[in-house]
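Read through the structure below, which is laid out as structure tokens, and then see the notes.
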């Protein structure tokens, strides 16, 4: 019997020593691991494209549309939807009874940090790659812009946040909040570097249309300076954009928002979407379509969900000069209007939901929806984040504060002339108020209003009747789940 | 694999060269039965420990050649106790066979061996072929339902071919909890290919001591399936079994008709301060309207034909079976049809006196057409329950109509069924070949090579259609039309290879010490490939033309994909059984598993187990004559769950993180690692302790088995949420823990002594399970999305069962404005008629902090019971099965849409003070959120079901012998004839969707049919 035992043992020993390693070492067959990626220029491009992809996030997993925060929170629109229960948390936030634990804010927080992580990966993995240096520099600039943009969203919504300026190790996950100033400093330095490293819009090949450019970084920098009330810097940076000759106002305001107006000569930073088919609901990592179209279209015949409903107060603003501001008809639908090729807007056709107005800037025609698959997540309308008109108005505001009322009026009136409304001749505070008002009209329903009110210290006055408390609602609450997840390393904003 | 194959193969042949032969003489005799003294026709006589054997003739006579004087003759006859006689030098041996009903001598297949039931010290449950026969079941898991204590089987859908959830001793993990299926020694991923009629026995290894020999794969229990073969020395038999039947829905829901619907809608408008729709001004004019349930439910056929050929000679035996099975769905008919053809050949042959070779090879072809099911969004059933009754099925011109009221998801379900074309065709071969070598008297060596190969093709076609009244304008909502057709196909190629070598040593010392030692190795390699593609805009709108190549669009509209996965497992195992004097039982097992799925730092797992038993009834002091057998058992063991994904330890740079660039909107690839790596990743561990008692009373008339166990899961894989500041998903880690405790009892009584035979039996399982840890900083997991409440119904947290229902607690209906004002603040729009929710934290506001646990979807008790009476060939048998103490979350009504139909319970709504304290008033906008997740939707899911009832008649064999028929039986079987439950939905048996955190939520489940079949069974 011993023989048998030996015979059995010998191959077992051989087995253990020789083939076990090959047999048990299995790496993924399809796909790449971090170990064998980041070697070529194509890899670098794929890495920065993944950072771009994070710009498209809108439901990850819950809604955190830019217009939630910029428009619904303001006096320009109400939540809408099928009733109070439809995204009730948004109603609570809108009426400043803000819960601290909504998935909406958590999703915003998570999506911003996912964008920051992806940009950080580019900034860490791309520099050692052997590739065209000019292109590499541009890619790094684009990554810095995307990081700055995400931090910009975080700091304007939450104030100081954890400064994740590199890919975090697990030991760093419980990072405490930095001050808002530290975050603003990071944003400024990233944008200054990005403006330097990226190419001018006209230098990009046409296949790269949609990438952020030097002008995007400069324009976002103007915004950052305005928030910090660095008027002189804002003014001169805005002038860099103006004098670059890269941008100009589209002659007809009505041509900006239709599909054919995407990436036009007025576009400075625009998040790209297309009506690709087959996207899914949920964390839309690989989805190229926008949910904004379906969310903001009327219900019923118009196959939407009817969110972001303009208020009467907003509509009234367009009539305050004694005539109807021509921009109104490009901004909202009113009862009786034709909603593109989808039919005539009547209350009955919207399924009886009694909303008299809908946003027009994010409307898409039926003929423009995804040809098959679920059209809902596949709206094609780009998100116009920064337009040249915005830069002109920012320039006007900065110039006013820097003491250059003439410069302020010139920029303001460029916008007004294009809109076919009379030029402004006012000065002093009336001029400033005119600039503010012009932002509401020109940039209405483009997710600026709430942040403009907070930034210019007018929120308490305008939104106070709606429940806004100064010193509290200037910032959103830090998502409670994140305070818990970090064992309290994150502090809550005052008042929540 | 190649090196392994070669080395083990060489080893096998070396070992095969041992063998010993001996001398022989002849024995004759007559076998009779007691009582009756009838000849035992067909009784088997074998020489113990060899394949030599013969069968008794019509007079009960036999002749057999025995190898030597020490040979032991074994006489077996179905229904009678086995007799063993040492032949000695005798030439004539007559035997009286005594009727026996004891299972103690039944040989039970255990991990890598077999044991007499009386010698087993672990916990093993058995289902036999007679429990499976003559029932309209499609899958093997259905045969387990209610039959064995501790094994909970839940039908996840009544659609033909849908999978079932099988949980052995509760759910040990939030991840994959499916047991390991071993069919004839081969681990198989999904037993859907098995024809239940081919199954001889199913043994479920429940405690860790029994299953630990399967190491890293045994944690969820092991189901050992043995397919039918034939004994040696058995005369050839040809059987034909067939049944035909019809299935229909057991019940439909009571929903509003058009008139009632209009009344409710009008009220809802008024409550929301709006003017009711003019077309509903006169509800009576609308009449009954459309019954959408009637429209989608249909009577559906089911049938099965089986041919079985078996036979055995002295040196060989075989079983050849063929089956055709076909079942249509009670929703969708042939759009939910399952067809299967199986062919199986099991055989073995003695090539040499010391060498036996054999095979178990099964081929299965099946085709399944599937509808969308069990989703709250767009399954035909949920649509039929929600679409308004005012809309007709068809327009005047005969084409399908769409609803003017329904929003987004709720489309015409009849049209949706017609537009569904989703076909899965699978060809699968599962087979093994083996060689068994006797190495002297005490050693045997078995080498088995197995393969499980599936080729499957899925083809889905989305036809073009448009329900618009004005096709040119195409005014119908998006869900009611598709303007471009599309075809999608997938090819799947799944392959599993296993080489296994087992050496067994058995010996008996001094007649009292029985020892069995088993050692072996197994190498397993699994490779899955899949590829597919899609194309759109096909010129033909017919499913039969739906192939990717048939398009008029340029090639650019095609898309394609491909995946590939591979994993390997290399294992060593050993087992020792020791029995002293049939009284003291000891057993130990050990297994080492190396797996490619484990991270580099944890490549090997080691899994030990121990068990012991004491047969009290064999002890000297035992004096209770009524208790003929009593055994105490205890076991402890550890095993693992390796279903953790093939590459979870690594981090993959995922492509497809795309963005759009360029004037033509070109989708451009982006790539990034979405999560971080975990080189420490390993199996989930389960440690289980079991104590049990087996009793047999009155010589087998009463059998009792009881078990108590504690099953602890550690190293449970869980992606404990990390702060979102990381920007990437959490790596999965072995951090969570859970515990299951339970008691299992089974008791049966059988009496077959007179012409009137009867038996009755039952089993019951009590279980308590909870999550005991989610790792440091582990947050509760919320699951079970309820779209109608815009929230999640289930919460998994430490100290609670998996996926327990979590929400608000209702406290009656506000009868007056004064009551609204007196209660905690709920909402600005709260009015009389709304639900009052309990202010659990007494802070005067109803908010998220007032939620609590409101139900548990896991049954506290599950049970099964059988009864059978037989008199002169007439058999009546019944089988009941059910659960107790589980809750269902009723998610069948889409309250998020204002226009959906409602259950008729809404007719008892609040309409003024004192009218109702349970059913709130209706309101178009529901400002109080009456539809929020609350105990309003949590229902008692307990049920008792008459799973099957059979009446059969077997013709007397005296008649049949004249026409050379051995057996002829006709029967009628009813399945799911009666269900006793308080639950008002279509079916109280609500399974798991996807993972273990989607439990007990009724999303309009595809109900199980009520089936009646008539069948015939003939054996020649």
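Some points to look at:
- Bins of 20 Å from zero: percent of alpha-carbon pairs in chain A: 22, 55, 17, 4, 2, 0
- Spin-label model, residue B:277 to residue A:236: label points 7 Å out along the Cα-to-beta-carbon direction sit 6.5 nm apart.
- Ordered from longest to shortest, the equivalent ellipsoid semi-axes for region B:299-428 are 51, 13, 10 Å, each the square root of 5 times a Cα gyration tensor eigenvalue.
- Remark on region B:726-865: hydrodynamic radius 19.5 angstrom, per the Kirkwood mean of 1/r across alpha carbon pairs.
- Set the Cα radius of gyration of region A:146-215 against 2.2 N^0.38 Å, with N its number of residues, and you get 1.33.
- Fraction of C-alpha pairs exceeding 17 angstrom in region B:463-582: 75 percent, rounded to a whole number.
- Overall dimensions of region A:391-496, expressed as equivalent-ellipsoid semi-axes from the Cα gyration tensor (√(5λ), whole Å, largest first), are 36, 13, 13.
- Based on Cα contacts under 8 Å between residues 6+ apart, chain B shows a relative contact order of 11 percent.
- Paired Rg and Dmax values of region B:765-835, which use every Cα atom, in angstrom: 17.4, 49
- For chain B, the spread of Cα positions along each principal axis, largest first, Å: 104, 65, 64
- Coarse-grained scattering of the protein assembly as shown at q = 0.05 Å⁻¹, given as base-10 log I(q)/I(0) from a Debye sum over alpha-carbon atoms: -0.48
- Angle between chain A longest axis and helix A:2-17 axis [Cα atoms, degrees, rounded to 10]: 30
- At q = 0.19 Å⁻¹, base-10 log of I(q)/I(0) for region B:509-641 (Debye sum, equal scatterers on each alpha carbon): -1.08
- Debye equation applied to the C-alpha atoms of region B:876-1009, log10 I(q)/I(0) at 0.15, 0.21 Å⁻¹: -0.87, -1.26
- What the Cα convex hull of region B:418-487 gives, in volume per residue, is 101 Å³.
- Average other protein chain Cβ within 10 Å of Cβ, residues A:85-91: 4
- Part-to-part distance (alpha-carbon centres) for region B:894-942 and region B:594-658, which is given in Å: 48
- Relative contact order (%) - criterion: Cα under 8 Å, at least six apart; region: region B:912-1020: 28
- In region B:246-366, the convex hull through the Cα atoms has an average projected area of 13.0 nm², a quarter of its surface area.
- Relative counts (whole %) of C-alpha pair distances in region A:204-338, using bins that are 5 Å wide: 2, 8, 12, 14, 16, 18, 16, 10, 4, 1, 0
- Number of partner chain Cβ atoms within 10 Å, mean per residue of A:40-48: 3
- Within region A:287-345, the ratio Rg/Rh, alpha carbon atoms throughout and Rh by Kirkwood, equals 1.03.
- Measuring nothing but alpha carbons in region B:961-1020 and taking Rh as the Kirkwood radius, the Rg to Rh ratio lands at 1.29.
- Quotient of Cα Rg and 2.2 N^0.38 Å for region A:281-413, N being how many residues it contains: 1.29
- Seen against the Cα atoms of chain B and their longest principal axis, helix B:258-271 is set at about 50 degrees.
- Cα centroid of region A:332-407 to Cα centroid of region B:363-405, whole Å: 35
- Label zone at residue A:196, where the point sits 7 Å out along the Cα-to-Cβ direction: region A:101-143 residues whose backbone N lies under 13 Å: A:141
- Given R0 = 25 Å, the distance between the Cβ atoms of residue B:513 and residue B:620 translates into a calculated FRET efficiency of 0.90.
- Region B:609-699: translational diffusion in µm²/s, Stokes-Einstein, Kirkwood Rh over Cα pairs, 4 °C, 1.567 mPa s: 68
- Beta bridges from DSSP with both residues in region B:648-807: antiparallel share about 95 percent, rounded to the nearest 5.
- Pairs of Cα atoms in region B:131-218 fall into 10 Å distance bins, from 0 up to the last occupied one, in shares of 15, 52, 30, 3 percent.
- In terms of Cα atoms, the Rg and Dmax of region A:47-183 work out to 17.1, 56 Å.
- Percent RCO, i.e. relative contact order, over region B:367-469, from Cα pairs under 8 Å lying at least 6 residues apart: 26
- Simple label model, 7 Å out from Cα along Cβ direction - residue B:491 to residue B:57, nm: 6.1
- Counting only DSSP beta bridges whose two residues both lie in chain B, roughly 95 percent are antiparallel.
- Of the residues A:62, B:84, B:141, the one with the fewest other Cβ atoms within 10 Å heads the list, and the complete ranking is B:84, A:62, B:141.
- Folded to 0 to 90 degrees: helix B:2-16 orientation relative to chain B principal axis, Cα: 30
- Principal axis dimensions, region B:672-747 - Cα atoms, whole angstrom, descending: 70, 20, 18
- Cα gyration tensor shape for region B:218-284, rounded if a/c is under 1.5, else prolate or oblate: oblate
All of the numbers you see were taken from the coordinates with simple rules; none came from a lab. Source: prediction; values computed, not measured. No Cβ is skipped: glycine too gets one built from the backbone with ideal geometry, and neighbour counts run over all protein chains shown.
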